[in-house]
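Structure record follows, encoded as structure tokens.
The values are calculated or read from the model by the stated rules, or taken from the named source; none is laboratory data. Fair warning: this is a prediction, and the values are worked out from it, not measured in the lab. Don't worry about glycine lacking a Cβ; one is built from the backbone with ideal geometry, like all the others, and counts go over all protein chains shown. Accessible surface areas use protein heavy atoms only, side chains included; no ligands, DNA or RNA. Shrake-Rupley method; radii C 1.70, N 1.55, O 1.52, S 1.80 Å.
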Amino acid sequence: MSSAPRLTARSARCGLALTIALAHDKARAGFDATAHVATSLAGTQTPLAYFLHSKGPATEPVLYLGWILAAICTAVCAIITVMLIIGMFRRRKPEDPRSLSTEGGTSFVYVGTAISTVALLGITVYMLVVLARVAQPPNEPAMTVTVTAYDWWWKVDYGDGPSHFSSANELHIPVGVPVLILLKSADVIHAFWVPELSGKTQAIPGVTNRQWIQADRPGVFRGQCTQYCGLQHAHMAFEVYAQPHTDFEHWIAAQRMPAPVPANAQAARGATLFEKRCAGCHTVRGTRSAGVQAPDLTHVRSRRLIAAGTVANSPESLMQWVQHVQEIKPGALMPDMKLSPAEAGDLSAYLATLR
Amino acid sequence: MSATSDRSVVQSGRVAFRREPEYGSVPEGSDAEKRLREIWEGESGWRGFFTTVDHKKIGLRYIVTAFAFLLIGGVEALLMRLQLARPNETLLSPEQYAQLFTMHGVTMIFLYALPVLSGFANFLWPLMLGSRDMAFPRLNALSYWLFLFAGLFLYCSFPFGEAPNAGWFNYVPFSSLEYNRGPNIDVYSLGMVLLGISTTVGAVNFVVTLFRMRAVGMSVDRLPIIVWGTLTISFANLFAVPSVSLAFLLLWMDRNVGTHFFDVAADGRPLLWQHLFWMFAHPWVYVVVLPAMGIVSDALPTFCRRPLVAYAAVAMSTVATMIIGFEVWIHHMFATGIAPLALAFFGAASVLISIPSAVAVFAWIATIWMGRPVFTVPFLYFASFVLMFVIGGVSGVMTAAVPLDWQLNETYFIVAHLHYVLLGINVFPVLGGITYWFPKFTGRLMNERFGKIAFWIVFIGFNVGFFPMHISGLLGMPRRVYTYPEGMGWDTSNLVTTIGSFLLGIGIVLFAINALLSARRGSKAPPNPWDASGLEWSVSSPPPPYNFAVLPIIESRHPMWEDRIQPTGRRSHLKEGYLLHHGREALGVHPFSGKPDVILKMPDDAWSPFLLGVFAAFMFLALLLRSPSFTIISFAASGATLIAWMWPRRSLAQREPPTPKQVTAAPSALKDDALPVGSAGEHSGGWWGVLALVATEASLFGYLLFSYFYSQSQTQLPWPPEGIPKIGVGALSTGVLVLSSVFTWFSERTLKKNKRWWAFAWLLVAIVLGTLFVGVQLKEWHNHPYGLTAHLYGSLYFTITGFHLAHVLVGLVILILLAIWIALGYFDEARNAPMRIGGLYWHFVDVVWLFIFTALYVTPIWLRGQ
């Protein structure tokens, strides 16, 4: 009984000072552990910890709400614990064990329920106020991005008409303005969640949901699918880059450009290989590769991570991914691509041009 | 009693089948007691095993079977915890992990949480209510067999590696055929429908038992809180279970028949699944905790040496929690894009539902504070339960805050919350309750020292295991992930959780070992080893097969404490009461006043529940294997068994003429104290049972019509897409069906006047009209340009009218049986319960048609005009 309060306090302290004490790099299934995400993701130790970091107006009132409610809840648990302990161990006059009492006790119920009701009503009002604050952005959204969830990656679409382009698994937004996300799904129900910037919303096939996010400071913010969607739900992350306005415009301009023509022979061989083996699913704008079931790779080497936030984007890990998909994400819809060493070199050279 | 307006005695000169119940005492060891024991003792050996209808045996089976499922679900959890102990672990593949987390949820929530509480309720209710058995002993046995077979059905998929794998909540489209091609989801769907039948018949049994099978003087303000809890949830189950049964049936049809309810490409709505599922599953979480709260409310006072504080408030809070529990299901769907106004309503309700719970928590604390605690093993479980309840409850309040839930939802914070409420509010009271009532179950006491060791391991293991989940949840760890990367900050809490879970597992196993050893070698228990107050402690440990040698008369809430609590008040009569020993008999009371109403004849041990369970399970197996012939054979076998079960029997006084011994001359039967014998006429329990069945079937149609209107409200296409159903034909069908109800009513009336052949004739007319309805409906179906699988509207139209047609066909079978029984002379003005029961069912079928007619035929015209 008395261990409960100690456990509560200790766990809370532990939680605030968590370190990555137990990560061991171990070669698994024959590929390099650097294929996995580096330990310092964008500088934060706990990238999905919405309880510790809030980076925008959609999450800041919620952060306060969370801490205040947590404080109230902890206080309630402490009070109940104290009442239980006193109730059990308070001194009583010695009496015949067969005697029974019937007196009193109802004041506990009246007072306790009354205080609880007042507290709960207060919590209700407070949460409704926060709901009103965060349900709509403070001003009109400055831009709209369409995010379509796929098994197990994220398609992002910017602009329409001639200025439209697609990318995957990495959203860029300008700092300091609300951005409207139109959420769709190509297959099953997923959920879009970037904890430091906003709460989550489901992506439901047949429906377009709306979500707004806003980052008040530049940075990289990790997101995660949070509705069980199949075998690789665990490896369906994404990143949101908030950039100052000029950097953002540069990024948009760069992403709009089609892929450059391969400069050397090896890359040209790689381009041919790509068209033969990869174009069924992938698109590279400016070439004949126009597959739509998989991420647009026109600027794949400009992204920080690949495979929906699972694999670092270096030339080596990219080729590891292409040839050993099923070891990294078993059940993913992309098969392992069998390549001879020469083919692998050619493809790598070509992919290196897709910046 | 003449107060019940039994018209049978009014007819001058006719004999009536009534008897004044004998009143007296039956001392232990006397000849009368030995005869009573012989009457009620079931058969022994394997025959007795399959045919018993004894609520005590059935209750214990429920508890043991549920506990076995608890252990299996625990093993599934421990495997998952091994996989999650470290980042990037490769012990389990994603598919294995998916099946494990799905089956862990299914097992714990459906195969353990309610069945174990049904077991307690089954064993204890008659003993607490002062009755010899439940209202429907054979139905009781059936509910157990269906539960066991549904559990086996769900688990037979595991050896094939095809267990359900889309989470216990089974969202579409991931669980639709397109994304889930194997039989996994079909196993889940069919298994859940089969289990739903078990839950429903169990609920019907509890409701009718409470209304009818109480001792004289057992008014509602004297009922133990576990009775309040189980009664409340049984009502809730009647209205909630049809929602999930319907959802799974529609999904099964989408997957196997080609309908389009959830088919996005055909305008189907994934959110419809979420609504139907959560409209059931939210009330369900209260279903699995309210009886357990009742266990604490009844047992904790024993170890505080005083009655529960604020009994009435606790009883009312039980009902209030359940009612509000029907209005909050959207809090599982806050992130689905629903309008903020709706979110505000459901969020506020979800916060405020804690108020009744606060009432109960303070009542328990007050009982401890104002009492004199005795620190036995059950007390330890109940005291710690209060704290676990509050921790789980407050984390729930955090999730009810809508914008905060947008962060917390689908993280491990929710996993922490749900385990604190489920283990804290269900498992802890169950462990304490097993220990407390162990003497009644087995006649022996559990070992106290061993029990305390097990308790501390369970308590520490549970908190070490589940508290860190709050932390990893707040740090963003999502649910249902088979692994997680390094560098997220979750490593330590996951490792600690794994260690704690294993500790908890050890504790539970120690508890089970203690129970098994004590059942053999524990110290023998007297009738009331804890000096408790409840009626169940007035009989021996374990109770005799007949429960009470004489049916008691109750004068207070605490029969065993009356001498000390209210020394000058009236005392309950426990040693003298109604004998009711002409065969297996029990007392039926008037539902609201509690006055004696009828002497009930209780059934002997029977094969029909077991056989019906087997044939029903085979039918579902046949559907899984997609074998039409096997399905039809099993269906026919089930139907035949059911008809054999329902056939009116003389031994149960369900039909005339009675044997000469049972007949009483009319004048002596006019005495006020003479009660009718046998469940007949207005006194029939079967009527209440079918009324409960009508409530649950009406809910099923309600959810179907909800699906129809929901789909219509979300569609952009014209509705109906291919021409409105012809209202003229619909009106004709309606008229025919209403007329058949009228003729059925004529038949009932003339039967009550003992005009047998008129009754037969009117019933034949009703049957003909019913058949005409079927014919018109089939012709109309034939004439539609679209079919069941053409589009979403077609799926809905044919399913709704098809369900109704199935009910009409069953109704016609019932009417035909009634006609046969009338012709065979089974009934007269006193003995005609099946007629009233069948009539009720037929009238219900006709009233439902009025709603369907309005929805399908009238509203499209009305909406077109808008």
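Please list, ordered by first then second residue, the pairs with beta carbon atoms under 8 Å, 6 or more apart or interchain, first in the range B:772-792 and assigned to a helix (DSSP H, G or I), second surrounded by 17 or more Cβ atoms within 10 Å (Cβ to Cβ) and of a type in the set (S, T, N, Q).
B:Phe773/B:Ser733; B:Phe773/B:Ser740; B:Val776/B:Ser733; B:Gln777/B:Ser733; B:Gln777/B:Thr801; B:Glu780/B:Ser733; B:Trp781/B:Thr801; B:Leu792/B:Ser711
Looking at (1) crowded, with 22+ Cβ neighbours inside 10 Å; (2) not in a loop (DSSP other than H, G, I, E, B), can you tell me which one B:Gly105 breaks?
So the condition that B:Gly105 fails would be (1).
Tally the residues that are in contact with a strand residue (DSSP E or B) (Cβ under 6 Å, 6 or more places away or on another chain) and assigned to a loop (DSSP other than H, G, I, E, B), restricting the search to the range A:205-231.
Residues that pass the stated criteria total 8.
Looking only at helices (runs of 4 or more DSSP H) that fall completely inside the range B:183-288, which ones have 3 or more residues that are without any contact (Cβ under 8 Å) to a residue 12 or more places away in the chain and within 25 Å of B:Thr318 (Cβ to Cβ)?
By residue number, no helices (runs of 4 or more DSSP H) qualify.
Quick check on B:Ser384: is it closer than 20 Å to A:Met127 by Cβ and touching a residue at least 12 places away in the same chain (Cβ under 8 Å)?
Answer is no for this residue.
Would it be correct to say that B:Trp849 is over 26 Å from B:Pro725 (Cα atoms), under 32 Å from the mean Cα position of the chain (by Cα), in the same structural domain as B:Leu737 (by TED's automatic domain parsing) and assigned to a helix (DSSP H, G or I)?
No; evaluated as a whole, the condition is false for this residue.
May I ask you to list pairs of residues, at least six apart or on different chains, whose Cβ atoms are under 9 Å apart, with the first in the range A:111-137 being facing chain B (nearest Cβ under 9 Å) and the second being assigned to a helix (DSSP H, G or I) and among the acidic types (Asp, Glu)?
A:Val134/A:Glu60
One line per residue, one yes/no per condition, for (1) open to solvent by less than 20 Å² (accessible area, probe 1.4 Å); (2) among the acidic types (Asp, Glu); (3) under 20 Å from B:Arg655 (Cβ atoms); (4) modelled with pLDDT under 95:
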{"site": "B:Lys755", "(1), (2), (3), (4)": "no, no, yes, yes"}
{"site": "B:Val765", "(1), (2), (3), (4)": "no, no, no, no"}
{"site": "B:Tyr797", "(1), (2), (3), (4)": "yes, no, no, no"}
{"site": "B:Thr801", "(1), (2), (3), (4)": "yes, no, no, no"}
{"site": "B:Leu805", "(1), (2), (3), (4)": "yes, no, no, no"}
{"site": "B:Ile822", "(1), (2), (3), (4)": "yes, no, yes, yes"}
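Is it true that B:Thr367 is touching a residue at least 60 places away in the same chain (Cβ under 8 Å), under 17 Å from A:Met88 (Cα atoms) and either more than 9 Å from chain A (Cβ to nearest Cβ) or charged (D, E, K, R) (or both)?
No.
Across the range A:212-231, which residue is most open to solvent (accessible area, probe 1.4 Å) among those that are within 9 Å of chain B (Cβ to nearest Cβ) and over 14 Å from the mean Cα position of the chain (by Cα)?
Top of the filtered list is A:Leu231.
Quick grid of which residues meet (1) at pLDDT 95 or above; (2) in a helix (DSSP H, G or I); (3) open to solvent by less than 20 Å² (accessible area, probe 1.4 Å):
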site: B:Gly42; (1), (2), (3): no, no, no
site: B:Gly48; (1), (2), (3): no, yes, yes
site: B:Gly59; (1), (2), (3): yes, yes, yes
site: B:Gly73; (1), (2), (3): yes, yes, yes
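Anything in the range B:4-36 that is at pLDDT below 85, surrounded by 19 or more Cβ atoms within 10 Å (Cβ to Cβ) and aliphatic (A, V, I, L, M)? List them, or say none.
Scanning the range B:4-36 gives B:Val9, B:Ala16.
Can you pull out every residue in the range B:835-866 that is closer than 12 Å to B:Leu751 by Cβ and open to solvent by less than 30 Å² (accessible area, probe 1.4 Å)?
Narrowing the range B:835-866 to residues closer than 12 Å to B:Leu751 by Cβ: B:835-836, B:838-839.
Matches in the range B:835-866: B:Met835, B:Gly838, B:Gly839.
Tally the residues that are buried (at least 24 other Cβ atoms within 10 Å of the Cβ), out of contact with any strand residue (DSSP E or B) (no Cβ under 9 Å at 6 or more places or on another chain) and not in a helix (DSSP H, G or I), restricting the search to the range B:423-480.
Count: 1.
Restricting the search to the range A:52-105, which residues are within 7 Å of chain B (Cβ to nearest Cβ) and basic (Lys, Arg)?
Selection gives A:Arg92, A:Arg98.
Considering only residues of the range B:343-355 that are within 9 Å of another protein chain (Cβ to nearest Cβ) and not aliphatic (A, V, I, L, M), which is farthest from the chain's Cα centre (by Cα)?
B:Gly347
Does the range B:563-573 hold any residues that are open to solvent by 50 Å² or more (accessible area, probe 1.4 Å) and either part of a loop (DSSP other than H, G, I, E, B) or closer than 23 Å to B:Met213 by Cβ (or both), and which are they?
Result: B:Gln566, B:Pro567, B:Thr568, B:Arg570, B:Arg571, B:His573.
Do we find that B:Asp531 is part of a helix (DSSP H, G or I) and surrounded by fewer than 19 Cβ atoms within 10 Å (Cβ to Cβ) in this structure?
Criteria not met by B:Asp531.
Kindly provide the set of residues from the range B:803-832 that are of a type outside the set (A, V, I, L, M) and either over 26 Å from the mean Cα position of the chain (by Cα) or closer than 15 Å to B:Trp762 by Cβ (or both), ordered by number.
Of the residues in the range B:803-832, the ones of a type outside the set (A, V, I, L, M) are B:803-804, B:807, B:811, B:821, B:825-829, B:831-832.
Passing the criteria: B:Trp821, B:Gly825, B:Tyr826, B:Phe827, B:Asp828, B:Glu829, B:Arg831, B:Asn832.
What number goes with the only condition from (1) open to solvent by 20 Å² or more (accessible area, probe 1.4 Å); (2) closer than 18 Å to B:Ile508 by Cα that B:Leu111 does not pass?
In the conditions (1) open to solvent by 20 Å² or more (accessible area, probe 1.4 Å); (2) closer than 18 Å to B:Ile508 by Cα, B:Leu111 misses (1) alone.
How many of the residues in the range B:317-340 are open to solvent by 40 Å² or more (accessible area, probe 1.4 Å) and facing chain A (nearest Cβ under 10 Å)?
Total satisfying the criteria: 3.
Go through the range A:176-204 and count every residue that is facing chain B (nearest Cβ under 7 Å) and not in a loop (DSSP other than H, G, I, E, B).
3
Looking only at the range B:561-584, decide whether some residue is touching a Pro at 6+ places or on another chain (Cβ under 8 Å) and under 30 Å from B:Ser634 (Cα atoms).
The answer is no; no qualifying residue exists.
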